[in-house]
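Asker: Sharing a structure below in structure tokens format, with a few things to ask.
The values are calculated or read from the model by the stated rules, or taken from the named source; none is laboratory data. What you see is a predicted model; the values in this text were computed from it and never measured. Glycine also receives a Cβ, built like all others from the backbone with ideal geometry; neighbour counts cover every protein chain displayed.
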Amino acid sequence: MFGHLKAKDFVNLMEGIELPAKHRSHLDECGRCRATWQSLESIHAEVSTEVSAMDDEIPEPDWVQFRSSVRDGLLSRSIQRETAVRRWTGWAIRPAMAWALSLLLVVGVTTVAVVWNSTQTVTPSTSIETPVSEPAPETIEAGPERSLFDDLVQLGDDEQQQVQQMLESSLKGPHYR
Amino acid sequence: MERTLTVSIPMAAPGQDPDIELIERYFAGDTAAFDEILIRYERQIYRVCYRFVENREDAMDLAQDVFVKVFEHLPTFRRESTLKTWLYRIAINHCLNHVKKHSQEFVEVTEYTGSIGPTAQAKLEDREQREHFRRLVKRLPPKQKAILELRINEQLSYEEIARISGRSVSTIKASVFFALEKLRKLVRDPSS
């Protein structure tokens, strides 16, 4: 079933495009479509007139200045783009540089610490070793032996013999082999 | 003008679109081609922009932005449409975005220009009538208004407008119809 004309049909009609016979006969018969078409045609004519009048009022700019501003705009955009690329590259390099610097710092600090430690261990070793340095053999041997002999002097003959035997047996023991 | 474009484009065949020829000359480093492209389209694009903002300075800024965008993205122009269609598409999208961002300012400008007029009575009436109609046109949805202006002012074909807006010809025709219908209602009853 054929209904009323569609928006597209009215615009075709307005543009002077021939409608199919079926549509044309409907337009002749249908009052509603005819009224729509007539009002549309009049508003279209009004819009065209007003719009062309408006167009005459559009001020003309200085075209030479316009062209140079387009050129400047393009140049500044390309500079911005280059700066952005450089900035981006900078940001890409910066972490690597930071890593390198921190690595250098760590290596440096470690080296300094190692060197400092080695010098620290060398210096006190002389001062520590000096008092302990090789005690005179007589000091070691004479000390306890003298006191032992002192004790032995105070013991009786049997006791002295027992102690001597104990000492001799301990000297002959597996420790000293 | 300094350019660092290294896009290789096949040479223009004889009798091909003159715009393509211009683009190829531009890529080849011919600085005159840049001016020729501008001269060919600057007026049309400026007028499209002017109808959106109704202000010379703003229209110039908009048109300048459009051309900067066009030359910047020229290497990505795939030639599926004509340069003219592509240019109009960029211009319309740029202007619609601008209108969306500054819609409040436009209302103020309209109200301001509406109060200015020549002293002569006849001219004043004529001017007021025109201003009134202009205000009605401005009340159309921006996309409908843009389509109507491309058709009536720029006299672009429906096929061209369809390519610019990325819609079907039927949709464009329907948009023109509904824009005119809305205008008709507004003329009868401006408060509607």
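Asker: Report, by residue number, each residue of region B:24-36 that is within 16 Å of B:V68 (Cβ to Cβ) and either in contact with a His (Cβ under 9 Å, 6 or more places away or on another chain) or more than 10 Å from every other protein chain (Cβ to nearest Cβ) (or both).
Answerer: B:Y26
Asker: Can you pull out the residues in region B:152-182 that are in contact (Cβ under 8 Å) with a residue 40 or more places away in the chain and either more than 21 Å from B:L136 (Cα to Cα) or of a type in the set (G, A, S) (or both)?
Answerer: Once the filter is applied, which keeps residues that are in contact (Cβ under 8 Å) with a residue 40 or more places away in the chain and either more than 21 Å from B:L136 (Cα to Cα) or of a type in the set (G, A, S) (or both), region B:152-182 yields B:L156, B:E160, B:R163, B:I164, B:S165, B:G166.
Listed here are the residues, each with its yes/no results for (1) farther than 17 Å from B:T82 by Cβ; (2) of a type in the set (K, R).
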| position | (1), (2) |
| --- | --- |
| B:L140 | yes, no |
| B:V169 | no, no |
| B:A179 | yes, no |
| B:K185 | yes, yes |
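Asker: Does A:D72 satisfy the condition of being at pLDDT below 90, more than 30 Å from the chain's Cα centre (by Cα) and within 30 Å of B:I37 (Cβ to Cβ)?
Answerer: It is false that A:D72 is at pLDDT below 90, more than 30 Å from the chain's Cα centre (by Cα) and within 30 Å of B:I37 (Cβ to Cβ).
Asker: Take the residues in region A:10-29 that are farther than 19 Å from B:I152 by Cβ and surrounded by 10 or more Cβ atoms within 10 Å (Cβ to Cβ); name whichever of them is farthest from the other protein chains (Cβ to nearest Cβ).
Answerer: Result: A:S25.
Asker: Just to check your reading of the model, which residue among A:R67, A:R32 is surrounded by fewer than 11 Cβ atoms within 10 Å (Cβ to Cβ), modelled with pLDDT of 90 or more and within 14 Å of chain B (Cβ to nearest Cβ)?
Answerer: So the residue among A:R67, A:R32 that is surrounded by fewer than 11 Cβ atoms within 10 Å (Cβ to Cβ), modelled with pLDDT of 90 or more and within 14 Å of chain B (Cβ to nearest Cβ) is A:R32.
Asker: Additional query: From the list A:V70, A:V47, A:V64, which residue is within 30 Å of B:E131 (Cα to Cα) and aliphatic (A, V, I, L, M)?
Answerer: Result of the check over A:V70, A:V47, A:V64: A:V47.
Asker: Same structure, new question: Inside region A:12-60, can you point out the residues that are within 19 Å of B:L186 (Cα to Cα) and hydrophobic (A, V, I, L, M, F, W, C)?
Answerer: Selection gives A:A35, A:W37, A:L40, A:I43, A:A45, A:V47, A:V51, A:M54.
Asker: Taking region A:35-54, which residues are more than 9 Å from every other protein chain (Cβ to nearest Cβ) and among the β-branched types (V, I, T)?
Answerer: Result: A:T49, single match.
Asker: Scanning region A:55-64 for residues that are more than 7 Å from chain B (Cβ to nearest Cβ) and modelled with pLDDT of 90 or more, which turns out nearest to A:M14 (Cα to Cα)?
Answerer: A:E60
Asker: Go through region B:135-192 residue by residue and tally those that are within 10 Å of another protein chain (Cβ to nearest Cβ) and under 21 Å from B:K101 (Cβ atoms).
Answerer: Count: 2.
Asker: Checking B:V48 against (1) in a helix (DSSP H, G or I); (2) closer than 18 Å to A:L74 by Cα, only one condition comes out false. Which one?
Answerer: It is condition (2) that B:V48 fails.
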